[in-house]
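So the structure is just underneath, and the comments pick up after that.
The values are calculated or read from the model by the stated rules, or taken from the named source; none is laboratory data. All of these numbers come straight from a predicted model, not from anything done at the bench. All Cβ positions, even for glycine, are placed from backbone atoms using ideal geometry, and neighbour counts span all protein chains on display. In case anyone asks, the SASA skips ligands and DNA or RNA and just uses the protein heavy atoms, side chains included. Shrake-Rupley method; radii C 1.70, N 1.55, O 1.52, S 1.80 Å.
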Amino acid sequence: MLTEPRKSLGERAPAEAAAISVENLSRRFGKLEAVKGVSFAVHPGEIFGFLGPNGAGKSTTISMLTTLLTPSGGRAEVAGHDVVRERNQVRQAIGIIFQEQALDLRLSALDNLWLHAILYGVPTARAAQRIEQGLRAVDLWDRRKEPVSRYSGGMKRRLEMARGLIHTPQVLFLDEPTVGLDPQSRYAMWDYIQRLRQEFGLTIFMTTHYMDEAEACDRIAIMDKGSVIALDSPAALKASLGGDVISLKTEHNGLALAELRERFGLEAKLAEDQLRLEVKDGGELLPRLLRELQVKILRVSLNQPTLDDVFVSLTGREMRDEGPADPRAMWMRRGR
Amino acid sequence: MSEARAIYAIWLRDIKRLWLDRARILIGLLQPALYLFVLGSGLGSVTRIAGGKGDYIQFIFPGVIGLTVLFTAVFSAVSIVFDREFGFLKEVLVAPVSRRAIAIGKSLSGSTQATVQGILILIFAPLAGVHFGFGELLGLIVIMALTGFAMTSFGVLFAARFRSTEAFPIVINGILLPLFFLSGALYPVTNLPVWLTPFVHIDPLTYGIDAMRGAALPKGLEVGPGVFVPAHVYPIWLSVAVIVAFGLVMVWLAVWQFSRAE
Ligand SMILES: Nc1ncnc2c1ncn2[C@@H]1O[C@H](COP(=O)(O)OP(=O)(O)OP(=O)(O)O)[C@@H](O)[C@H]1O
Ligand SMILES: [Mg+2]
């Protein structure tokens, strides 16, 4: 019934089956095809990220993997169990933090955790111990008796994190776990996630909008409009762009595009009001462009490619087109 | 085994919330008190004009308990819709527990809440001129619990369908009030107009209230000096059988409806 903490990464047999395997999974809502036949596998002990803009289908995929939504097509296994035919085994093996909070706000943190322990059949003595450990780990032990409605958004999030681990799941699903957390809490949360992986070999499946979080994942799937359009380690994805990214803002982007093609043999992409060039060695090219380009340059920047660039390169759109930019995420990106 | 713990968890959560909302329990006494003392005294004068001697407040006292049980039970079931809207339902649905256990846990917690609220109404018994012994008290509690269970299950059946709390007024005006007004809570179910009689007799609440009336007024109602008639119409065993049967059908339907959503 209960799974003991699993062995650490190194001790595990090498040819262990995938923690999550998904084949051609799809889901439609009426006419809208929210998830269009995605396939991927997540290895045991891996931190796997789902990156994509609003409405990409990330939460819908999570709902199917966590048995809350029946797929329209395809199949998926989590911890070796089919998400449709073996719902209960899947449910016992997973922990989840939903995108929207799912706490009973009238009750205290302790009450919320105890209910969870009873629902998952954790024996009383062990539950008491884990509840204390969990609350201390997320720094809420001192406020355990207060009704959750008095908690701040970040505290609620941390409580949910502690709750999702009470029954020692094998796979943890996190749907935007750090949204609304201040930077300090985000780092603490990440620290905790990494530790869980190291100590228990927990497999983590998370979605995020934050580039820096996506970078911390072992592998990420980039999702857009219901499809997985790229899947690899963050480093490999960025390397696929071929080196550096130069962004140019010119007086006439159309003319500049043509000029770059004809005189420099470079294929630039127009994203919003900027031209983007993916080049091997930007440091060498940039001075030449500044000297020789006929169209007047208004602004220029040279960057290592980010996952955002990968997204732009694949879709021609900015990741955050759809919503207002999060100033904190911008700041973090620049800080790198 | 795992079913039992899931039922317990669902029940426990509602009872913890009930305890936290103690103040609401007291506010919940207001409406019954209005029915009992304002409506009861007001309409009591009508029955006296008509020549009756029986005290109307005594007569509707069990009806007001029925009202309380009905509303408490169904409202507790409707909390499922609130849980859906405020997110907590997902925590329950993603847990390794059957939908059956969730529905049954909900019905039991509604029954408990309705019984607690119903017992509190008994505080008004002396004021309403209703006197009964310990045995009758126990009987009343059992009937409250059974009626509460049936009505909560009935509510769960609906709550499983509703996605938003906007449907709330429909539930109250379209279902609860008809159930209450047809139940014989406020009038005797004998000698009714022909068109009304069948509706009254298919209303399950009629049987719950009739049984409560039997238990709360063991001597019957005094219609003349020293002349008593039974306060209730059906044999108590029949009423109890109807409520239990209705409860079982409703909980079965609620479980079915709740599981279907998967
Ligand atoms: N229950 C539902 N009924 C109808 N449409 C839905 C439902 N749930 C999701 N959708 C639609 O499916 C698409 C994908 O939604 P989903 O919530 O999976 O996106 P997401 O990638 O999680 O986005 P976000 O980053 O905003 O959380 C959206 O267009 C959404 O409107
Ligand atoms: Mg989402």
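Structure data summary
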{"read-out": "Inter-label distance for A:GLN184 and A:ARG143, nm, one decimal - labels placed 7 Å from Cα along Cα-to-Cβ", "value": "1.3"}
{"read-out": "Inter-part distance where the range B:120-150 and the range B:197-262 are each reduced to a Cα centre, Å", "value": "14"}
{"read-out": "Accessible area, probe 1.4 Å, largest first, for residues B:LEU253, A:LEU314, B:LEU122", "value": "A:LEU314, B:LEU253, B:LEU122"}
{"read-out": "Whole-angstrom Cα spans of the protein assembly as shown along principal axes, big to small", "value": "117, 55, 44"}
{"read-out": "Residue-averaged beta-carbon neighbours from other chains (10 angstrom radius) around A:110-122", "value": "5"}
{"read-out": "A:ASP232 versus A:LEU32: modelled label distance in nm, points set 7 Å from Cα along the beta carbon direction", "value": "3.2"}
{"read-out": "Calculated FRET efficiency for the pair A:ALA17/A:ARG136, C-beta based, R₀ 30 Å, to 0.05", "value": "0.35"}
{"read-out": "Residue among A:ALA214, A:ALA230, A:THR203 farthest towards the positive dipole end of the range A:9-236, charges placed on Cβ", "value": "A:THR203"}
{"read-out": "Entries in A:LYS238/A:LYS280; B:LYS16/B:LYS106; A:LYS156/B:LYS90; A:LYS58/A:LYS249; A:LYS36/A:LYS58 that, when Cα-Cα distance is taken, lie over 23 Å", "value": "A:LYS58/A:LYS249"}
{"read-out": "The protein assembly as shown, accessible surface, carbon-and-sulfur percent (1.4 angstrom probe)", "value": "60"}
{"read-out": "Candidate lysines for bridging to B:LYS219, where Cα separation is under 20 Å - those fewer than 8 sequence places away on the same chain excluded", "value": "B:LYS53"}
{"read-out": "Shielding by partners, peptide A:99-107 (average Cβ within 10 angstrom, other chains)", "value": "5"}
{"read-out": "Pairwise centroid distance, computed over Cα atoms, of the range A:235-274 with the range A:124-172, Å", "value": "48"}
{"read-out": "Buried accessible area, chains B and A (both chains, 1.4 Å probe, Å² to nearest 100)", "value": "2300"}
{"read-out": "The range A:9-236 - accessible surface per residue (Å², probe 1.4 Å)", "value": "38"}
{"read-out": "Within 10 Å of each Cβ in B:12-19, the average number of Cβ atoms from other chains", "value": "3"}
{"read-out": "Accessible area, probe 1.4 Å, largest first, for residues B:LEU186, B:LEU146", "value": "B:LEU146, B:LEU186"}
{"read-out": "Accessible area per residue in Å² at 1.4 Å probe, computed on chain B", "value": "45"}
{"read-out": "Estimated FRET transfer efficiency (B:LEU26, A:ARG126; beta-carbon r; R0 35 Å; 0.05)", "value": "0.35"}
{"read-out": "Degrees between helix A:109-119 axis and first principal axis of chain A (Cα, 0 to 90, nearest 10)", "value": "70"}
{"read-out": "Theoretical ellipticity at 222 nm over chain A - DSSP helices of four or more residues, -39500 (n - 2.57) apiece, nearest 500", "value": "-10000 deg cm²/dmol"}
{"read-out": "5 angstrom amide H check on A:GLY52, placed H, neighbours 5+ away", "value": "A:THR208, A:MET223"}
{"read-out": "Relative contact order [Cα under 8 Å, 6+ residues apart], the range A:242-304, whole percent", "value": "53"}
{"read-out": "Expected 222 nm ellipticity per residue - DSSP helices of 4 or more, -39500 (n - 2.57), all of chain B, to 500", "value": "-22000 deg cm²/dmol"}
{"read-out": "Max mean-square fluctuation residue, GNM over chain A, Cα-Cα springs under 10 Å, options A:LEU196, A:LEU65, A:LEU290", "value": "A:LEU290"}
{"read-out": "Mean separation of Cα contacts under 8 Å (6+ apart) over length of chain B, as relative contact order %", "value": "27"}
{"read-out": "The range A:242-304, accessible area per residue, ligands and nucleic acids excluded (1.4 Å, Å²)", "value": "60"}
{"read-out": "For A:VAL35, residues with placed amide H under 5 Å, excluding near neighbours", "value": "A:ARG27"}
{"read-out": "Per-residue SASA entry for B:ILE202, accessible area with 1.4 Å probe, Å² rounded to 10", "value": "130"}
{"read-out": "For the range B:61-94, residues shielded by at least 50 square angstrom of accessible area compared with the chain on its own, probe 1.4 Å", "value": "B:PHE88, B:LYS90, B:GLU91, B:VAL94"}
{"read-out": "16 Å cut-off, amide nitrogen to a point 7 angstrom out along B:VAL249 Cα→Cβ, residues in the range B:172-203", "value": "B:179, B:198-203"}
{"read-out": "Residues A:GLN99 and B:LEU177, FRET efficiency given R0 of 30 Å [Cβ-Cβ distance, rounded to 0.05]", "value": "0.20"}
{"read-out": "Length gained when the stretch A:ASP191-A:ARG106 is fully extended (0.36 nm per residue, less Cα-Cα span)", "value": "27.7 nm"}
{"read-out": "Relative contact order of chain A, pairs being alpha-carbon contacts under 8 Å that are 6 or more residues apart, as %", "value": "20"}
{"read-out": "Rounded accessible area of B:SER76 (nearest 10 Å², 1.4 Å probe)", "value": "10"}
